[in-house]
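A.B. asks: Submitted below is the structure of interest, expressed as structure tokens.
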Amino acid sequence: MEIRAATVLPARREPIELHTADGLTLVGELALPADRPPVATLVTLHPLPTHGGFMDSHVYKKAANRLPALADLAVLRFNTRGTSSERGTSQGAFDSGEGERYDVAAALEYAEFHDLPRVWVVGWSFGTELTLKWAHDPLVEGAILLSPPLKRATDDDLDAWAAFGRPLVALVPEFDDYLRPEEAKERFARVPGAEVIGVDGAKHLWVGEPYVRIVLNEIVKRVNPAAYPLPTDLTG
């Protein structure tokens, strides 16, 4: 069976709620391997909700549909404050990346309380800004950034991540709308050891199955290299 865009592989999928320090309830989902514990965890931070980003943004939905089965990963997705999806609407209102600090903290606290192993944060677009600004938590082993704009996140935030000292990987589309690979390499040079990977032909939204596969493979390569490369079909 070829793995296609709409493929959904077996997993335990649980609706979850996150509770922020400023009193909001956020809705989300945790996807776990069907019959064994996860070896690592992805906490995902979605693109800008005022431009259509939410927990079901396609790369994250496909990660939850595939990676528990293919790479033994737990995938935690949630709607930041004021964001809606099929799962429901998180309380509160969009706060341009400031109040969302409490949303990031609530997701990491959930992972810690539920003993989810080896947490990596994956941010996409607006989610990369939240990662760089608010994911400096001892629980976090590293971060992977998809299409980082580096607009709300400043050089000060990059310096703070450099001081944090955890691995940082940025996947930058060749034809990104905001930040392209060469400029990204210059900006991320502030973070010793940061990897900037330019992806030929890709655009900001990673539309197209070939680009989704690149993203998921690069994530798995860092988080559970034993499962890399991901299969493109399932036999038997």
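A.B. asks: For the range 131-236, compute Rg over Rh where Rg is the Cα radius of gyration and Rh is the Kirkwood radius from the inverse mean 1/r over Cα pairs. Can you show the working numbers first?
C.D. replies: On the way: Rg = 14.5 Å, Rh = 14.6 Å.
Ratio value, two decimals: 1.00.
A.B. asks: Express in whole angstrom the spacing between the alpha-carbon centres of the range 199-236 and the range 1-70.
C.D. replies: When both Cα centres are located, 16 Å separates them.
A.B. asks: Using a 7 Å offset from Cα along Cα-Cβ at THR50, what residues in the range 62-83 end up with backbone N under 17 Å from the label point?
C.D. replies: 80-83
A.B. asks: Determine the order of TYR110, TYR178, TYR228, TYR60 by accessible area, beginning with the largest, at a probe radius of 1.4 Å. Mind dumping the intermediate values first?
C.D. replies: On the way: TYR110 30, TYR178 115, TYR228 95, TYR60 5 Å².
Most to least solvent-accessible, the answer reads TYR178, TYR228, TYR110, TYR60.
A.B. asks: For the range 6-45, build the convex hull from the C-alpha positions and give me its volume per residue in Å³.
C.D. replies: Working: hull volume 4.3 nm³, N = 40.
Hull volume normalised by residue count: 106 Å³.
A.B. asks: With each run of n ≥ 4 DSSP H residues scored as -39500 (n - 2.57), what mean residue ellipticity at 222 nm is computed for the chain after dividing by its residue count and rounding to the nearest 500 deg cm²/dmol?
C.D. replies: Computed mean residue ellipticity for the chain: -9000 deg cm²/dmol.
A.B. asks: Antiparallel as a % of all DSSP beta bridges within the chain, to the nearest 5? Before the final figure, lay out the partial values.
C.D. replies: Numbers: 15 of 39 bridges.
Roughly 40 percent of the DSSP beta bridges within the chain come out antiparallel.
The values are calculated or read from the model by the stated rules, or taken from the named source; none is laboratory data. Being a predicted model, the structure only gives us computed values, none of them experimental. Don't worry about glycine lacking a Cβ; one is built from the backbone with ideal geometry, like all the others, and counts go over all protein chains shown. Calculation scope for accessible area: heavy atoms of the full protein, side chains included, ligands and nucleic acids excluded. Shrake-Rupley method; radii C 1.70, N 1.55, O 1.52, S 1.80 Å.
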